[in-house]
Structure formats: structure tokens, C-alpha cells
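K.L.:
Below is the structure I would like to discuss, written out as C-alpha cells.
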Amino acid sequence: MKEDIVLVEGGGVTTPRGFLASGVGCGIKPGGKKDLSLICSERAGRVVGFFTQNRLPAAPVVLSRRHAALGTGRAVVINSGNANACTGSVGMANAAEMVNRVASGIGCPAEEVFVCSTGRIGVPLPMAKVRRGIDMALERLSPQGGKDAALGILTTDTCPKEMGLRIHLGEQELFLGGMAKGAGMIEPRLATMLCIVTTDADIAGDAFAVAARRAVAESFNRISIDGDCSTNDTVLLFANGLARNHTLTLDSSEFRLFQSALSLLTGRLARMIVEDGEGISKVVEVLVQGASDEEDAERAARAVARSLLVKCSWHGEDPNWGRILAAIGYSGAAVEGNRVDVFYNGVQAVAGGVRARTPARLVREAIRSPQFTILIDLGIGSGHFRLLTTDLTERYVRLNKGE
């Protein structure tokens, strides 16, 4: 019997039918590195977009948000090495020129093309190089271009992040693909991250929007590296319908399977971002349960994940649980000190708000792993929240000290 959802080895944004991609080096970044990517569907389809909450959004975010509101998309052009953020009217004109050049090259309305940028803030794009890069990317579009595209969007990332899935719907097959970048300025609610998801599914517009919203809420909105919110965060999801399946609707059993696959894809990509965080040495899952409600659970989890003191203690492999309690206390969540329990990888460090009787060496051993879980039980309700985060190291400081 076939598995309903199967990983496609070597999969990425061109795994679904009808998607082409390319990645080229046009000189935005030094050394001939790939720095401009293009993903294109053979025909227009549905699109859903999610964007930064930063109130100083980059020009490409402003333009792409406007296009996403129309609900139809065919292509996205992405440059790395320059954020085109805080660049004023010139930046807006440059973003529009990128969109128009791609639209002209593939023969579609400009409103069906999206643009993303990532890199240094406050520097105008070198448009002569960008124009040349777009022309090269248009010429090199192919079903095999996904890996080059995944390389072309990287900044401080150490590796590309991509994935493909096959979904079995009876005798029919649907495909999902995705690529992402991100390593620093991760959080809150999206990150200095870009993600492109593609699918050949025929899916109703409301169903696609619901599936996308759920998947992003459970993945990219639940990661944190340094607590900074970027000007450029963008997640775009494209569905071109070329699988020619029966249209997925909200009330169909097939929709639930599609939702599971999409959530799996975005969850894996989000974890890849955290695992490649700038200078990190540990990936930490923060689980809060027993809160008065979901919102309080999230407040407590994010306070712990953002605390520099907590993150430094994780890097030093010091189970300084007092820092965790302090973060919970100022988080704004309802809390009763004599009800709080804390566990490091299943080893109890705090019982009823005070030190547990567990030998200290067992707690220390629990956080020596490069990946571990902090479980916090507030003991006053049923609210719960999960967040993936990291420690904070000297290398992070060196990477971000500037030129």
C-alpha cells in the first residue's frame, strides 16, 4: 500500500508539474556567487502571500503585497546580497522594474510577478547588474533549475534549504515543492527569511488560503533565533492546477491530506532555517503547557526564547533555570509561582516553582546535546504553545558586528 505523503529525493520548487527555475550570479555578491533566482509557472495560478510585520517594509514587500491581494501569480524574481530596503522612491522604482522585466520576458501581466530581495539594508540595487541577471535567469529557466534557484537566495546561510513531496490521492498524484533562506533576524512571525512554495494541485482559492495560513502559523511563525523582525520577510505559495485533480475544497477529505503535506513541508523548511541559524550551537524546542490560554502560553514561550540570558546559559550548558522563571515572570502571562514545573529534556529541574530534588549533574547532562527540549508547565490551565529557537554564541556576535 502506498504512503499518502512521500518525500521526493532531491526535490525542490520545480518538483511540481509546470514549474521552472534558475539561479545565476550577476555580481550583486562578490566572487561570482549566485545572487539572482527566478521561479516561474508555465501558466498562472493561485497565489497566497505572507509578509513582514515590520512597519518599515522593503520596496519588494510593498509591491509583492499589492500583487498578492489580487490572488493570481505566475513568477517570482529574487535577488540576494541587497535588501532594497530603506531606499525610498528609487527602491520602489527598482522593484517595479524587476517585475516588469520578468513579466515582459515570460509574457504575462506585471501583476502576476512578485519580487523579493534579501541582504544589506539601505543600499540601492545595482540595476545594471540586476537587469543582466534577470535576462540570464530568463534564458536558463528549466525544470532542473530548482537547486540553482535555492543557492541564489542565500545570504549568511551555510546551505540551501529545499524539499519536495508527493501526495497520493487514490490514482492521482499531486506534488509540493519549496525552498527557503534564513539564518539571522529570525522572529517574530516570519523572519529574515524568504520561502517559496509551489504545488501543481488544483485547489479552491479559499481552501488554499486556509491551508497556507495554517501551515505558516505552525511553522515560520514558531521559530526564533535572535528576536529581530526583518524588513523583507516574505512567504509566497503558488498553485498552478496542472495536476488536473478534482478541485480540492475545504470540506473534502483530500484537502485534509493536502493540509498535512503542506504543514509537513513548511515545518521541515522552518526547522532547516533554525538549524542553520547564525553562529548557533544548539537547537532548543520550548514547550509551554498548563497556561491559562493559548495566548499566555505563547507569551511565556516567546519570552524564554528571546531572553539573551537564557540563550547564553544554553550555550554555556549551564541549566540556569532561574533565568527561565524570570522570563516567564515578565512575559505578561498569568503565572502562579508555586505551580511552575520546568524540565530539561525530560529531566525535572523545577518543581512547584523551586529547585527539584533531581541531582544537578543530570540536569546539566540533559542540555549538553546539540538539540534538546525545555518543557514548562504553568499548572493553571490548558493553554499550550511550541516554539523552536537556538542558543546565542560569540560567533553570532562576530557575524553581525558589521564591516
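The values are calculated or read from the model by the stated rules, or taken from the named source; none is laboratory data. On a predicted model such as this, the values are computed, not experimentally measured, just so you know. Using ideal geometry, Cβ is built from the backbone for each residue, glycine included, and neighbour counts are taken over all protein chains shown.
K.L.:
Determine whether Gly267 is surrounded by fewer than 24 Cβ atoms within 10 Å (Cβ to Cβ) and either touching a Ser or Thr at 6+ places or on another chain (Cβ under 9 Å) or free of Cβ contacts under 8 Å to residues at least 12 places away in the same chain (or both).
P.N.:
Values: surrounded by fewer than 24 Cβ atoms within 10 Å (Cβ to Cβ): yes; either touching a Ser or Thr at 6+ places or on another chain (Cβ under 9 Å) or free of Cβ contacts under 8 Å to residues at least 12 places away in the same chain (or both): yes.
Yes; evaluated as a whole, the condition is true for this residue.
K.L.:
Still on this structure, please answer the following. If you check every pair at least six apart or on different chains, which have Cβ atoms under 6 Å apart with a residue in segment 47-62 that is under 23 Å from Thr199 (Cβ atoms) first and a residue that is charged (D, E, K, R) and surrounded by fewer than 22 Cβ atoms within 10 Å (Cβ to Cβ) second?
P.N.:
That search, which allows pairs on different chains as well, returns Phe51/Arg65.
K.L.:
Further question on the same structure: Against the condition outside any helix (DSSP H, G or I), crowded, with 18+ Cβ neighbours inside 10 Å and within 21 Å of the chain's Cα centre (by Cα), how does Arg55 come out, does it pass?
P.N.:
So Arg55 does not fit the description; no.
K.L.:
Would you check if Ala261 is assigned to a loop (DSSP other than H, G, I, E, B), in contact with an Asp or Glu (Cβ under 9 Å, 6 or more places away or on another chain) and modelled with pLDDT of 95 or more? Steps first, answer last, please.
P.N.:
Numbers: assigned to a loop (DSSP other than H, G, I, E, B): no; in contact with an Asp or Glu (Cβ under 9 Å, 6 or more places away or on another chain): yes; modelled with pLDDT of 95 or more: yes.
No: the conditions fail for Ala261.
K.L.:
Same structure, new question: Among (1) surrounded by fewer than 17 Cβ atoms within 10 Å (Cβ to Cβ); (2) over 18 Å from Val76 (Cα atoms); (3) not basic (Lys, Arg), there is one condition Gln144 misses while meeting the rest; what is its number?
P.N.:
Failing condition for Gln144: (2).
K.L.:
In addition: When you go through (1) more than 16 Å from Ser313 (Cα to Cα); (2) of a type in the set (Lys, Arg); (3) not in a helix (DSSP H, G or I) one by one for Arg368, which number turns out not to apply?
P.N.:
That leaves (1) as the condition not met.
K.L.:
When only residues in segment 1-19 that are surrounded by fewer than 22 Cβ atoms within 10 Å (Cβ to Cβ) and among the hydrophobic types (A, V, I, L, M, F, W, C) count, which is farthest from Val235 (Cα to Cα)?
P.N.:
Filtering first and then ranking leaves Met1.
K.L.:
Looking at Ala327, Ala297, Ala303, can you tell me which residue is buried (at least 18 other Cβ atoms within 10 Å of the Cβ) and over 25 Å from Tyr396 (Cβ atoms)? Step through it out loud before you land on a result.
P.N.:
Numbers: Ala327 fails: over 25 Å from Tyr396 (Cβ atoms); Ala303 fails: over 25 Å from Tyr396 (Cβ atoms).
It is Ala297.
K.L.:
In addition: Given the conditions (1) within 30 Å of Gln259 (Cβ to Cβ); (2) surrounded by fewer than 24 Cβ atoms within 10 Å (Cβ to Cβ); (3) of a type outside the set (Phe, Trp, Tyr), report the number of the one that Met127 does not fulfil.
P.N.:
Met127 satisfies every listed condition except (1).
K.L.:
Here are some conditions: (1) surrounded by fewer than 20 Cβ atoms within 10 Å (Cβ to Cβ); (2) under 30 Å from Glu365 (Cα atoms). Ser260 meets all but one. Which one does it not meet?
P.N.:
Among (1) surrounded by fewer than 20 Cβ atoms within 10 Å (Cβ to Cβ); (2) under 30 Å from Glu365 (Cα atoms), the lone unmet condition for Ser260 is (2).
K.L.:
Right, something else. Give me the pairs, please: first residue somewhere in segment 238-261 and farther than 22 Å from Glu42 by Cβ, second residue anywhere and at pLDDT below 95, beta-carbon distance under 6 Å, and either six or more positions apart or on two chains.
P.N.:
Hits for this filter: Glu254/Leu169; Leu257/Asp4.
K.L.:
How many residues are surrounded by fewer than 24 Cβ atoms within 10 Å (Cβ to Cβ), touching a Cys at 6+ places or on another chain (Cβ under 9 Å) and modelled with pLDDT of 95 or more when one looks only at segment 173-215?
P.N.:
Matching residues across segment 173-215 total 0.
K.L.:
What is the residue count in segment 206-265 for residues that are under 28 Å from Ala59 (Cβ atoms) and among the aliphatic types (A, V, I, L, M)?
P.N.:
Number satisfying all stated conditions: 11.
Residues checked against (1) assigned to a strand (DSSP E or B); (2) in the same structural domain as Gln144 (by TED's automatic domain parsing); (3) among the β-branched types (Val, Ile, Thr):
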| position | (1), (2), (3) |
| --- | --- |
| Ser22 | yes, yes, no |
| Leu38 | yes, yes, no |
| Val47 | yes, yes, yes |
| Ser64 | no, yes, no |
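K.L.:
Please determine, by comparing only the residues of segment 270-294 that are among the acidic types (Asp, Glu) and under 20 Å from Arg398 (Cα atoms), which one is surrounded by the most Cβ atoms within 10 Å (Cβ to Cβ).
P.N.:
Going through the qualifying residues, I end up with Glu278.
K.L.:
Can you tell me how many residues in segment 371-403 are assigned to a helix (DSSP H, G or I), aromatic (Phe, Trp, Tyr) and out of contact with any Gly (no Cβ under 7 Å at 6 or more places or on another chain)?
P.N.:
We begin by selecting, within segment 371-403, every residue assigned to a helix (DSSP H, G or I); these are 394-399.
From what's left, aromatic (Phe, Trp, Tyr): 396.
Applying the additional criterion that residues be out of contact with any Gly (no Cβ under 7 Å at 6 or more places or on another chain) yields none.
Qualifying residue count for the region: 0.
K.L.:
Is it true that some residue in segment 307-317 is surrounded by 16 or more Cβ atoms within 10 Å (Cβ to Cβ) and touching a Pro at 6+ places or on another chain (Cβ under 8 Å)?
P.N.:
So far as segment 307-317 goes, yes, one or more of its residues are surrounded by 16 or more Cβ atoms within 10 Å (Cβ to Cβ) and touching a Pro at 6+ places or on another chain (Cβ under 8 Å).
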